[in-house]
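Data block below; observations after.
The values are calculated or read from the model by the stated rules, or taken from the named source; none is laboratory data. A quick note: this is a predicted structure, and the numbers were derived from the prediction, not measured. As a convention, Cβ positions derive from the backbone with ideal geometry for all residues, glycine included, and neighbour counts pool all protein chains shown. The accessibility values were calculated without ligands, DNA or RNA, using every heavy atom of the protein model including side chains. Shrake-Rupley method; radii C 1.70, N 1.55, O 1.52, S 1.80 Å.
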Amino acid sequence: MGVIEETFAGHEVSRQSLDACVKCTICETMCPVAKATPLYTGPKYNGPQGERYRDGASVDHSLEWCNFCGICTLHCPQGVKIAELNEQAAAKMKHQNGVPLRDRLIPLTTLEGRVLSPIAPLANWGLKQKPIRIAVEKIIKVHRDAPMPTAQTETLSKWMRHHKPAKPATKGPIIFFQGCAGGYFETETSKKSIEVLEHLGYEVLVPKQGCCGLAKQSNGLFEGATKDILSLCDKIISLGKGLTVVSSSGSCVGMIKHEAHEIMGVDDPRLHDVSVRSRDFSEFLMDEYRNGELDASQFRPIDITVPYHQPCQVKSQGMGFPAVQLMELIPGVKVLESNEPCCGIAGTYGLKAERYEVAQKIGAGVFKHMQDHNEGVGVCDTETCRWQISKSSGVKIVHPVWLLHHALGLSDNLLD
């Protein structure tokens, strides 16, 4: 039995939710993709309605336009697992029809980081050249204007080799999970996260890490994604039982906490162990604040209004808005949430040539929010969303930890 069949056989929870659908069409009205293009017939039709007729096969190719943002599941009053059904069906469709080369290459994030980091200046220059981007679009089908990450010469692992905490730990150890982007491209966010946690007294352990498998999962490669997530769990577990896992990669921690089990049906004690002790960076610090372990009086004032967008992959974790609450603990900080469902990138969706324009329409409200309300910087929790919003709005977009790092006196300039 192949991995797709095993996933469907071992994950009946989503399918058992079908009969709860009352066809209220709330999912249809909230779907950002259906609003952006008529090519997508909507989450109700593709999800609970279509699933009743599939009998193990995917039948509606408009499903290819779904970006699996999870907004439909989040808003369903009946608890129907609409997004989960859609993504399982899309994986089945790719399993039947074959996975394009592009969809096999994009998820190789760790390999891409290892290849690009040693030649970072050259790689970054090359990715800005229009002829090269046009060639990539024609050959690999990644849109010429899609956002690209910035390769860093110093990876997080290199930085960790010479990094020493500024002061001794006064609290117990925690594990930091950086994700692929945080290890190779968004290294400054990872460094700031570690420095903030250490400044607050934690001993931060950073294990050797691999990919969580999220990009493979979103491209229908469930077998490879399952191997990746379980390998990551093994590395985390090797550092000790019961230690809290903190990540400033909102989408990757969502893979551990939610998507690996709810979408791929991974039912493994290693995942159960790691998922229940994993926390988003802002979620963790707000828990610590409520427990009296974080003293907000140590934050120096920052007189700034920041526009903020919570990514759909963070929304799907059902944690509320801890980033907003955390940033507003800093005196003088006012946060304006976008109230938009999705920025359009949806992991790798907005990179693909045929979906780029749709992704831009989906994210238009987010881009305008950032342009209208920024005072030099906007905030978002996940890497690909930051790249998408920054590229399309022209505004510098950072993780919430950048504000905390500055408020704690660990950096002189908020944007450095």
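A few points about this structure:
- Using alpha-carbon coordinates, inclination of helix 130-140 to the longest axis of the chain, degrees: 40
- Where both bridge residues fall in the chain, DSSP classifies roughly 5% of the beta bridges as antiparallel.
- Trp125, Trp387, reordered so the largest accessible area comes first (probe 1.4 Å): Trp125, Trp387
- In the chain, the DSSP-assigned H stretches of four residues or longer account for a calculated mean residue ellipticity at 222 nm of -12500 deg cm²/dmol, using -39500 (n - 2.57) per stretch and the full residue count as denominator.
- Gyration tensor (alpha-carbon) shape descriptor, the range 9-97, a/c threshold 1.5: oblate
- Amide H partners (placed H, <5 Å) of Lys352, local residues excluded: His143
- Distance between the C-alpha centres of the range 23-101 and the range 109-139: 32 Å, rounded to the whole angstrom.
- Within the shell defined by Cβ-Cβ distances under 14 Å, the residues around His406 carry a net charge of -2, with Lys and Arg each +1 and Asp and Glu each -1.
- Angle of helix 383-393 to the longest C-alpha principal axis of the chain, folded into 0 to 90 degrees and rounded to 10: 90°.
- Net charge of neighbours whose Cβ lies under 11 Å from the Cβ of Lys171, counting Lys and Arg as +1 and Asp and Glu as -1: -4
- Computed from label points 7 Å out along Cα-Cβ, the spacing between Leu105 and Ile134 is 1.8 nm.
- In the context of the full set of protein chains, residues of the range 298-408 present 32 Å² of accessible surface per residue (probe radius 1.4 Å, heavy atoms only).
- Cα principal axis extents for the range 221-346, largest first, Å: 48, 36, 18
- Charge sum, other residues only, whose C-beta stays under 15 Å from Val395's C-beta, Lys/Arg counted +1 and Asp/Glu -1: +1
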